[in-house]
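Notes follow the structure.
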Amino acid sequence: MSENNNKNETPVLTFEGKKYNVNDLSSETKEIIKGLQRAEAQLKMYDDTFKLLSIGKNSLTNQLREKLKNYE
């Protein structure tokens with residue numbers, strides 16, 4: 001799903017290989033599109049958060065590994 005956001009052009013929604021003039025869609029359909037856009041933004045945010053947590057976990061694991069070398 002993608003939407004053209006250029007201010008000078010008619011907004012077009014591309015969904016499952018078809019194009020739709022957003023201005024021709026019902027307000028209910030536009031709300032669904034907005035909901036999907038918010039969901040996509042949240043998924044990206046949580047994906048980025050997951051990546052950061054993974055990096056932090058790996059760093060802590062490496063630090064623990066180094067500290068435990070002193071006890072071998």
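Just so you know, all these numbers are worked out from the coordinates, no wet-lab data involved. Values in this document were obtained by computation on a predicted structure and should not be read as measured data. Cβ atoms come from the backbone with ideal geometry, glycine included; neighbour counts cover every protein chain shown.
Data overview
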{"quantity": "Residues whose placed amide H lies under 5 Å from that of L25, excluding near-sequence neighbours", "calculated": "none"}
{"quantity": "Under-5 Å amide H pairs with V12, H placed in peptide plane, nonlocal only", "calculated": "N4, V22"}
{"quantity": "Mean ellipticity per residue at 222 nm, deg cm²/dmol - from DSSP H runs of n ≥ 4 across the chain, formula -39500 (n - 2.57)", "calculated": "-21500 deg cm²/dmol"}
{"quantity": "Partner lysines for K67 [C-alpha distance under 29 Å; skip if fewer than 8 residues away on the same chain]", "calculated": "K51, K57"}
{"quantity": "Cβ charges +1 (Lys, Arg) and -1 (Asp, Glu), total dipole of the chain, debye", "calculated": "360"}
{"quantity": "Candidate values (i) 22; (ii) 31; (iii) 53, label of the one derived for percent of Cα pairs over 21 Å apart", "calculated": "(iii)"}
{"quantity": "Cβ-based charge dipole, the chain, positive-most Cα from V22, L60, L43", "calculated": "L60"}
